[in-house]
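What follows is a short report on a single structure.
Rule-based calculations on the coordinates, nothing more; no lab input. Not measured: the values here are computed from a predicted model. Glycine gets a Cβ as well: all are built from the backbone with ideal geometry, and neighbour counts include every protein chain shown.
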Amino acid sequence: MNQQIELEVFFDGACPLCRKEISMIRRLDRRHRILFTDISEPEFDIKIYGKSMDQLMEEIHARLPDGTWVTGVEVFRRLYSAIGCRWLVLPTRLPGISHFLDLTYRVFAKNRLKLTGRCHSNGACEMSPQSKEVRT
């Protein structure tokens, strides 16, 4: 990873909501502190990361320069800090707010495929165009 990179974010580019937020963050990343990796791209090779596609689809992941992984709301805190919005991040660490955000994100992440229209009437959900995997 480049020395100025603060984190590499692994996002689902096939998810319209995810893609919209990542696009905004990418525009605001004027100092190029974030490496953006779209796990839905055909050339994405999950094997080199030591994670499964299920893990990456379960919740947002980021990798720090030292190889440490962070997940969930903490990824968003680090993304917004990297683009210069630390003031926005600080309240999210307060006990009540932090708990609420963690819970809300877990509910969203668990239902993300349904909420973004990637589930069929039979209950099976498309995980990623490149993986051709389906969740039931």
Would you please calculate the Kirkwood hydrodynamic radius of segment 1-57 over all C-alpha pairs and express it in Å, rounded to one decimal? 12.2 Å
Could you tally the net charge around PHE36, taking each other residue with its Cβ under 9 Å from the Cβ of PHE36, Lys/Arg +1 and Asp/Glu -1? -2
